[in-house]
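The values are calculated or read from the model by the stated rules, or taken from the named source; none is laboratory data. Computed from a prediction, not measured in an experiment: that's the story for all the values here. Every residue, glycine among them, receives a Cβ derived from its backbone with ideal geometry; neighbour counts consider all protein chains shown. For accessibility, only protein heavy atoms count, side chains too; no ligands or nucleic acids. Shrake-Rupley method; radii C 1.70, N 1.55, O 1.52, S 1.80 Å.
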Amino acid sequence: MNDDTKTTQRASAKLPRGFGDRGPAEIAATEKMLAAIKESYELFGFEAVETPFIEFTDALGKFLPDLDRPNEGVFSFKDDDESWLSLRYDLTAPLARFVAENFDRLPKPYRSYRAGYVFRNEKPGPGRFRQFMQFDADTVGSASVAADAEMCMMAADTLERLGVRRGDYVIKVNNRKILDGVLEAIGLSGEANAARRLIVLRAIDKLDKFGPEGVKLLLGPGRKDESGDFTKGAGLDAGQQEFVVGLIDPQKAWEDHIASIDIRLADSEIGQEGRTELEQIAELISQAGYNDGRIRIDPSVVRGLEYYTGPVFEAELTFEIDGEDGKPIRFGSVGGGGRYDGLVGRFRGENIPATGFSIGVSRLYSALKAVRSPIVSARPQQGPVVVLALDKGELPRYQKFVSALRAAGIRAELYLGQSGMNAQLKYADKRGSICAVIQGSNERERGEVAIRDLALGAELAGASKDRADYLELRAKAQFAVPESGLVEAVKEVLGRH
């Protein structure tokens with residue numbers, strides 16, 4: 001086959017799975033969300049910082065899903081010097097690198113926030129994306145549990161600022177040291193048991209979803225779901241299973257939970273450290289007035305990443321909405337975080353205490369839409385004023401009108417297509433424009449321009465049959481002014497809406 005007979009294959013216009021496009025309304029709503037989160041974080045004294053999308057893969061650390069396969073879990077590629085680079089998996093590891101690199105010039109504690117997209121090379125599904133936005137705040141350089149308590153308070157305040165009503169969310173707090181004490185007590189210490197420890201933590205994290213009996217299956221032989229898929233368990237015996245489940249019951253009162261820790265983890269130094277820190281957080285929360293259900297201790301909170309070393313917290317929405325099948329569903333977690341005292345130290349060879357909180361912006365956006373929060377009802381910005389181009393020979397004159405509007409701070413554009421007047425007006429309507437500027441030969445001879453109020457024009461179709469009302473509306477919907485009065489006339493129309 002020669003080149004003349006070859007046909008060019010048409011590219012497929014479709015997105016990869018796990019990614020999405022956004023239109024003007026969603027972008028406007030997201031920007032409004034980000035502004036509200038920023039205000040909340042700044043109220044607590046955090047300042048902005050930005051890190052790049054790409055880091056050296058080894059800077060993301062041992063917390064990658066699979067070190068032997070850098071492309072597993074993250075999007076990675078080799079640079080021209082054979083170095084592995086990766087799209088950031090979260091916003092915390094890049095912050096740790098930034099703090100370590102700039103440690104001597106930064107104030108300590110260093111309080112910062114940052115927003116941006118993160119990327120997961122994982123199987124997408126309902127509500128699970130490969131690219132999504134997070135908004136983080138972190139305090140680096142403070143070992144005080146007051147820093148952890150503050151994160152929980154800020155999380156509560158931020159959700160309310162975003163339109164989530166008090167009672168429709170809860171900030172749940174636990175301590176990984178208690179969980180480490182549990183793992184130690186059932187004999188899963190040491191590097192040899194690292195994989196089984198991870199299975200146990202993941203099982204505990206499923207308590208809300210599967211209940212105590214489902215967790216026991218995941219702790220023991222494994223669990224088969226309704227579809228027949230089997231999840232391998234941790235292989236714990238019945239006594240070990242009961243020990244774990246007995247310590248993670250979220251229905252226990254706080255006093256009962258403390259008593260359970262004292263009995264079961266009496267000989268665990270790290271478990272007792274976790275108990276003390278939780279008590280301190282509870283006292284701080286109480287003194288600040290957040291112990292009214294907004295923040296509560298929940299021993300089943302795990303958080304998935306391995307770099308957490310102390311208090312961990314999760315922001316969960318508690319309300320239900322009807323799903324597509326009519327059955328009630330809950331959005332669950334929309335943010336979380338915790339203490340990660342070892343992450344910055346990887347770069348410096350010394351322990352640097354740190355704690356942080358992250359909001360899943362993309363997931364929270366969906367939840368706020370479901371409850372019709374005013375934050376996400378933001379309309380896209382009004383379209384620009386469109387200056388019609390009815391005579392191609394008069395483009396310089398039309399361009400002068402556009403420039404005059406822009407000089408006055410009015411968004412404006414010259415129609416650059418090839419269509420006639422009706423199509424140009426339809427174009428302005430699709431752009432969401434409120435106003436169009438028209439000058440045909442008749443207006444040009446008189447030194448005038450016609451100003452069309454597109455919003456009022458749309459009302460004419462359903463206007464009152466009363467002739468006087470109709471004529472008044474029509475007079476406002478389109479009127480002529482001298483060219484010198486263009487800017488003021490356009491401002492008048494825009495001011496109506």
Electrostatic dipole magnitude of the chain [Cβ: Lys, Arg +1; Asp, Glu -1; Cα centre; debye, to 20]: 1780 debye
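In percent, what relative contact order does the stretch 142-298 have, based on Cα pairs under 8 Å that are 6 or more apart in sequence?
After rounding, I find 36 percent.
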More than 27 angstrom apart: percent of Cα pairs within the stretch 80-224: 46 percent
Extension gain (nm, one decimal) between VAL371 and ASN351, 0.36 nm per residue minus Cα-Cα: 2.9 nm
P(r), alpha carbons of the stretch 394-447 - 5 Å bins starting at zero, rounded %: 4, 17, 26, 28, 20, 5, 0
Angle in degrees between helix 486-496 and the longest Cα principal axis of the chain, rounded to the nearest 10: 50 degrees
Potential lengthening between LEU416 and GLU242 on full extension [0.36 nm per residue; Cα-Cα distance subtracted]: 55.4 nm
FRET efficiency, 1/(1 + (r/R0)^6) with R0 25 Å, evaluated for ASP157 and ALA25 via beta carbons: 0.40
Among PHE230, MET151, ASN174 the positive-end extreme of the charge dipole of the stretch 107-231 (Cβ point charges): PHE230
222 nm mean residue ellipticity, helices alone, for the chain (DSSP H n ≥ 4; -39,500 (n - 2.57); rounded to 500): -12000 deg cm²/dmol
Between the stretch 220-247 and the stretch 374-426, the alpha-carbon center distance in angstrom: 64 Å
Packing-based ranking, highest mean first, of 439-450, 85-96, 288-299, 14-25 given that Cβ atoms within 10 Å are counted: 85-96, 288-299, 439-450, 14-25
Given charges at Cβ of Lys, Arg, Asp, Glu: the chain dipole, positive-most of LEU60, TYR41, ILE438: ILE438
Cβ-based charge dipole, the stretch 321-407, positive-most Cα from ALA404, ALA370, VAL334: ALA404
Principal-axis tilt of helix 467-477 within the chain, Cα atoms, nearest 10 degrees: 70 degrees
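By average Cβ neighbour count within 10 Å, what is the ranking of 356-364, 226-234, 97-105 from highest down?
Going from most to least packed, we get 356-364, 97-105, 226-234.
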Ordering of 311-320, 485-494 by packing [mean C-beta count within 10 Å, highest first]: 311-320, 485-494
Semi-axis lengths (Å, descending) of the ellipsoid that matches the C-alpha gyration tensor of the stretch 90-169: 26, 22, 10
Whole-percent pair-distance distribution, where bins are 10 Å wide, for the alpha carbons of the chain: 3, 15, 21, 20, 14, 11, 9, 5, 1, 0
Mean Cα-pair separation over length for the chain, i.e. relative contact order, pairs under 8 Å, 6 or more apart, %: 15 percent
Degrees between helix 176-185 axis and first principal axis of the chain (Cα, 0 to 90, nearest 10): 30 degrees
Nearest-10 value in Å² for the accessible area of MET421, using the 1.4 Å probe: 70 Å²
